[in-house]
Amino acid sequence: MSVVDETPAPSASPEDGHSAGSAPEHGASLAKKVAGSAVNMIGRRVLLLVLSAVSTAALTRGMGPAQYGAFASALAVWTLLMSAGDTGFALLLGRDLAVTEERGALLSAAYRMQAVWAGLLTAVQLALAFAAGLDTVRGQCMLAFAVSVPFVSLNSARQVFTSFYKTGELVVADLAVTAAQVAVVVVGAVLGAGPVFFAGALSAGSLTTAVAVALMARRHVALQRSYRSLRRRVLRGVFELGGVAFMSRVYVSVDLILLGWLSATQVAIGQYAVATKVYTLVGTVPSLIVSSAMPALAALLRGDRVDFDAMLSKLWHWLLVLGMPVYVVSAVGAPFVIHALAGSSYDGSSGMLRILSVVGLVSVVNGFLGTVLVVRHMVPAMLVQNALAIVVNVVGNVVLVPRYDAVASAWVTLATELLICTASVVSLRRVVPFGQLARVSGRPLLALALSAAAGAALVRVPLLSAVLTLVVLVISGAVLGALPPELSRFTDKLPGPVRRILPT
């Protein structure tokens, strides 16, 4: 893959972390930088998906459904805590780092407070490990995961690269560490290692990546002494945005945690865990697109409303072309994806994955609207709707899982995402130019519909169905001219035969 290494935004001064005082960039210029950053991150994610698929295949085949269910339950707890330690700071820095004149002080304040928070989360992880029982596989896996929790305090450094549009450097660091981690997992599976070994390998990979990225970030932002009022402002922002992000993570992943107590069999938990694993892996593509656009949206919000609305339209167009298709393909080719990834023991996961793929389509809309809510500081609305989502998800699982088992969790997740979508649209009805978004949606949505219909025609042959879906998507998108113009400079680097079928 060709890695695009964008230059920093004009206002960035890597030596001292302060603004150079230049005027905000025009929307068209920022759109090109955002597109470059998004393409880098999507390319990175595609390669990481391949590596993760290899890792997941080794884990599922090496452990079997019962052991993998216990491992996945511990993994869900660890992921939830890591998200709690990182996301609020990431959202704050992603929104503010691009527009502040005190980058060095802001990053120092984030590190300082995040270290304290990470220490508390480490204590929670250890307490949960002891509560689960250190004589159980689940408890031992939780203990192994606890080693990396303190280092979540360094993850704020990743936002430096997003804000400066230097995401190419992240590609190198992430791929290097992940490749080494996957190699360890595969060797462990061949040698018959158990769940605790694999938990330790994932924990070590997370730790190593956090340290490496933090060291790299120092080349772009020199840390400076923070002051009390700045720390208070950061604390207030992290409390609000962190609460929103953590609640969002809870309503998405709490079902897998609850299944450990509500489901009748570990096999059902393991099958649902595989379906959610694929759903999570696929979902990172649209989330990377919106996170790449957040610094630009924050910068444009200070200027002309026309430029801000234009960037929203471009972001929505990118999500339609690059975000939603991955869920269409995963829905159509679910049996093939599950069988290739985890083997025949998990064939029951394919139906759940199809439901979660529909959830994913709704979540793309929610991610877009959620980004607008964050940029416009509409945090109270997000807190209310996420609180309602948690209640709906928990109550739905408690009521339905004992009767319908794990598949009920997938349907409850869909209901939760629809609730969030409705609430977000209502909150933003006077903010988002929905008419403008509708005008750029017709061609991409038609291409998606045609590809889904073509894949459904061969749904009994999953591999051919998935391939046909992709082929029809590319051809119909080319014929209809659905590709955003900002991405044309990247298609120019494709091989000639591929480039000739794309719109000019």
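Just so it is clear, none of the values below were taken in a lab; they were calculated from the coordinates. Owing to the predicted nature of the structure, the values given are computational and were not obtained by experimental measurement. All Cβ positions, glycine included, derive from the backbone under ideal geometry; neighbour counts span all protein chains shown.
In percent, rounded to a whole number, the relative contact order of the chain is 19, using alpha-carbon pairs under 8 Å and six or more apart. Backbone amide hydrogens, once placed in the peptide plane, bring Thr265 within less than 5 Å of nothing, excluding anything fewer than 5 places away on its chain. Close lysine pairs were tallied over the chain: pairs 8 or more places apart or on different chains with Cα atoms under 18 Å apart number 6. Using R0 = 30 Å, the C-beta based FRET efficiency linking Val211 and Val54 works out to 0.80.
Take each peptide in 446-456, 269-279, count the other Cβ atoms within 10 Å of every residue, and average; sorted highest first, the result is 269-279, 446-456. Modelled spin labels at Ile390 and Val147, positioned 7 Å past Cα toward Cβ, are 3.1 nm from each other.
Remark: the chain carries a charge dipole of roughly 500 debye about the Cα centre, counting +1 on each Lys and Arg Cβ and -1 on each Asp and Glu Cβ. Here the Karplus curve 6.51 cos²θ - 1.76 cosθ + 1.60, taken at θ = phi - 60°, turns the phi angles of the stretch 350-356 into couplings of 5, x, 5, 5, 5, 5, 5 Hz, with x standing for Gly and Pro.
Maximal additional length on extending the Glu101-His377 stretch stands at 97.4 nm, based on 0.36 nm per residue less the C-alpha distance.
When only DSSP loop residues count, what chymotrypsin sites (Phe, Trp or Tyr not before Pro) in the stretch 157-230 have their Cβ near at most 13 other Cβ atoms within 10 Å?
Sites meeting the loop and neighbour criteria: Tyr227.
In the chain, a dipole from Cβ-located charges (positive for Lys and Arg, negative for Asp and Glu) runs towards its positive end, and of Gln159, Phe130, Gly62 it is Gln159 whose Cα lies farthest in that direction.
Tell me whether the stretch 356-414 comes out rounded, prolate or oblate; compute the Cα gyration tensor, take square roots of the eigenvalues as a ≥ b ≥ c, and use a/c under 1.5 as the rounded threshold. Oblate shape, in that a/c is at least 1.5 and b/c is the bigger or equal ratio.
In sequence order, the stretch 157-170 has phi-based couplings of 4, 4, 5, 4, 6, 5, 5, 8, 6, 10, 5, x, 5, 5 Hz under the Karplus curve 6.51 cos²θ - 1.76 cosθ + 1.60, θ = phi - 60°, and Gly or Pro positions carry x. Per-residue ellipticity at 222 nm from helix content only, as computed over the chain with -39500 (n - 2.57) for each DSSP H run of at least four residues, stands at -27000 deg cm²/dmol. The modelled label-to-label distance for the pair Ala66/Ile257, using points 7 Å beyond Cα in the direction of Cβ, is 2.7 nm.
The order of Arg219, Arg403, going from fewest to most other C-beta atoms within 10 Å of their C-beta, is Arg403, Arg219.
In this rough spin-label picture, where each label sits 7 Å from Cα along the Cβ direction, the Ala449-Leu120 distance is 5.0 nm.
Here Trp261, Trp78, Trp318 are placed in order of increasing Cβ neighbour count within 10 Å, fewest first, which gives Trp261, Trp78, Trp318. With just the Cα atoms defining each centre, how far is the stretch 106-139 from the stretch 401-430? Give it in Å. Value for the Cα centre distance between the two parts: 29 Å. A full extension of the chain between Val187 and Val426 corresponds to an added length of 80.9 nm, given 0.36 nm per residue minus the alpha carbon distance.
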